[in-house]
Structure formats: structure tokens, C-alpha cells
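Novice: Sharing a structure, written as C-alpha cells. Questions coming.
What follows draws every value from the coordinates through simple rules; no lab data is involved. On a predicted model such as this, the values are computed, not experimentally measured, just so you know. FYI the Cβ positions are ideal-geometry reconstructions off the backbone, even for glycines, and counts take in every protein chain you see.
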């Protein structure tokens, strides 16, 4: 099914542009054309199809599901719902306040916020299409576990004291959106709206990610990463996590880079650590969350994520899949 | 005269929503006031957890994303 994109890239790179397949520029152009067409075709399809089904699932509803659950049930549900609920980081603050005000533990709320950007249907489909099912399962499972463990840790250490005072005083009004059943036409309209809105938000990250992947793929010598970021270098994993901090992208932008790195022989654990760090450890997200969390809580949050991503990296490098 | 409030902390989608309401109102010749509400306490009073939200004459009519053009026109034509 994906072969048509390879053929298209063959035609563009070797036919129209007349590049010699053995050259570096041909390899880069081929990678770029194949990934751009494949990824955007997948994005449009996936976001549209998901949009049809989930016009019903919203953070408002997640809040109702999570209210009054036992602690562990709340963590598990929070990460699963975090993975499937459409949500943009610009809504982090109202979501945080809304959850906490409903009596949902701060840890479960944070678990939702950790998992939501890392694991979502777009990331899953792209991972599956570009990197195969094994890595998809690994990535998703790790994302869920890191979210649950982070949430549990925050509650065990009673870190709710590191939430800004005013948050506890806010009273949230009841939502009184008209609750009629959506017709097919409304669902289609909603789904297209989602496609436009999500693409509008992420297209630049995706293009930069693919461009970077293409350069790595075409121009970086095959043994370069093996020498510096191979399994033999124990510093490669923490360095990958640190390198990911200033880089900020959504999951769809980082996956083509991961594809190129894996192709150059960088071990799976190191690549996973880099991906998660780029997606989940982001300065813009921290600045947004500063409105509801104290600097201490943000430092703890960033530290916890960094340590767990390093652990994930070492673990998967050690078991060598 | 219709009174719109766009609820959101000033993200791109909120901007687009406010612009769209104003533009469609001008096009249809409907008199409107579009106010952007960025204060979180105020936003939460409406129970909105996904921004942007849209309030029409005191009632929340939409949350979670830029509304469709046709939806905006329906709001403008409603009595």
C-alpha cells in the first residue's frame, strides 16, 4: 500500500530531476518526497477518520469519567484517555484547572498531560507506517507507563502543594453546550475542521522533521552515528535526552528523524529517548503550565521526564530488539 | 446587536476564531461586538476546558477549536 509513495519518489528524484540514484542528493530528495507524500496522505486520512468518531469524546467528558475513581483506576484511565482525546497544548491550563477542580488527583491530571502529546493516533499511525509495529508498541507502552508512574509519584510525594494557590479557589461553571446527537453532516464538518486545524498547527514541524531526516539520510556517512552514538557509547542516551530539550516538535515531526537515525544504525533505545524528549520535554509547554504550577513543580516534572527517558533508552538498548 | 465572546488564552486558534466571527458578520451585515476573553478565571466560569470557546449573548455555544464557517453564519443569522 505504501509502495506507491516509493514509486512516486522514484519518478520525482530519478525521472523529473534526473538525479543519479547513487548520489547523496538523490538519496536525500528521494527520502523527502517519499516521506512528505506518505506522511501528509496518512495525516489527512487518520485525522479525518478519527474526527468522524470522536466528536463525542472531549476533555469535559473525560473529567466526568475520572471523577471519583479510585487512585490507580484514575491513573490508568487518565493515560488511556490522554492518548485518545483530541487536545492541544494551548488548552493545558483550562484542562488542568477543570480536572483539579473536579477533585481528580493532581497526579492523574499530570499523567494525562504527560501522555497526551506523546501518544496519540497520529503518532501511532506514523510510527507504524515508517518504523513498523514493534517500535510502535514499544513507544506506546513506554509512553503510558511513564505517564502512570509520573502521576503516581506526584501524588505519593504530595506535590499538590506545588500547584499555584489560586487554582484551588477557582469555581468552574457547569458546561451547558447543546447536547443534540450529531448528524452525519455535522460529524463530517467536524472531521474536516479537525484536519484543517491540526494540519495548520503541525505542518511546519512535519516538513522540518522530514527535511532533517532527508539530510541525515542522504549526507551523513553510514558509520558516523555508529561511531558516536552507537551502543558502545554509554553517554549517547543522556546526550540524546539533553539534545531533545531545546528541540520542540510534535510527535509527527520527530518520527521522520527517528526513521533516518535508525537507518544509520543508532540503537532503538537511544532513538526512543530522543523522540520522547523532543516531544514531551518542551519549553513552550512548561511556560504555558507555569500559569498553574510553581517553578518547583515544573522542575520536578522536567527532571522526572528526563530521568525516565534516560532509563527507557538504557533499557531498550540493553534488551536489543 | 449580537455580543460574542471568544474564550482563550490568546492562542492562534482563538485569534482565528475572533477574526472569522468579525469577518462573517461584516459580510452578512450583522452588527456584532467581538470581545476576546483571556482571563483564566473568567474562562473557567463557563466550564470551558478546550479553547477557544465561543459565547453568544451570554450562552456558551462552542468549545474546542476554530468553528466551521457555516456554524458561525448560523450563529449570526439566529434570532
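Novice: Measure nothing but the geometry: give the 0 to 90° angle between the long axis through the Cα atoms of A:71-84 and the longest principal axis through the Cα atoms of chain A, rounded to 10°.
Specialist: With rounding to tens, the tilt is 50 degrees.
Novice: From other protein chains only, count the Cβ atoms within 10 Å of every residue's Cβ in A:146-153, then give the mean.
Specialist: The mean count of partner-chain Cβ atoms within 10 Å per residue comes to 0.
Novice: Another one. For chain A, what class follows from the C-alpha gyration tensor (a ≥ b ≥ c being the square roots of its eigenvalues): rounded when a/c is under 1.5, otherwise prolate if a/b is larger than b/c, else oblate?
Specialist: It is oblate, given that a/c is not under 1.5 and a/b is not larger than b/c.
Novice: While we're looking at this one, here's another question. Report, to the nearest 10°, how far helix A:24-54 tilts away from the longest principal axis of the Cα atoms in chain A, using its own Cα long axis and a range of 0 to 90°.
Specialist: 30 degrees
Novice: Hey, another quick one. Which one, A:311, A:260, A:240, has the greatest fluctuation when you compute a Gaussian network model over chain A with C-alpha springs under 10 angstrom?
Specialist: The residue with the greatest mean-square fluctuation here is A:311.
Novice: Can you tell me the orientation of helix A:184-219 relative to chain A, as the angle in degrees between its alpha-carbon axis and the longest Cα principal axis, to the nearest 10?
Specialist: 50 degrees
Novice: Quick one: work out the % antiparallel among DSSP beta bridges in chain B, nearest 5.
Specialist: 55 percent
Novice: Once every DSSP H run of n ≥ 4 in chain A is given -39500 (n - 2.57) and the sum is divided by its residues, what mean residue ellipticity at 222 nm do you get, rounded to the nearest 500 deg cm²/dmol?
Specialist: -23500 deg cm²/dmol
Novice: I would also like to ask the following. So, R0 is 60 Å and r is the distance between the beta-carbons of residue A:242 and residue B:77; what FRET efficiency does that work out to, to 0.05?
Specialist: FRET efficiency, residue A:242 to residue B:77: 0.65.
Novice: Give the order of A:81, A:293, A:315 when sorted by the count of other beta carbons within 10 angstrom, beginning with the fewest.
Specialist: The order, fewest Cβ neighbours first, is A:315, A:81, A:293.
Novice: Name the most mobile residue of A:238, A:256, A:221, meaning the one with the largest mean-square fluctuation, in a Gaussian network model of chain A with Cα contacts below 10 Å.
Specialist: A:221
Novice: Name the residue, out of A:98, A:193, A:209, whose mean-square fluctuation peaks in a Gaussian network model built on chain A with Cα pairs under 10 Å.
Specialist: A:193
Novice: Arranged by the count of other C-beta atoms within 10 angstrom, fewest first, what order do A:126, B:56 take?
Specialist: B:56, A:126
Novice: Taking each residue of B:69-78 in turn, how many C-beta atoms of other protein chains fall within 10 Å of its C-beta, and what is the average?
Specialist: Average neighbour count from other chains, rounded to a whole number: 1.
Novice: Evaluate peptide A:94-102: per residue, the Cβ atoms of other protein chains within 10 Å of its Cβ; return the mean as an integer.
Specialist: 4
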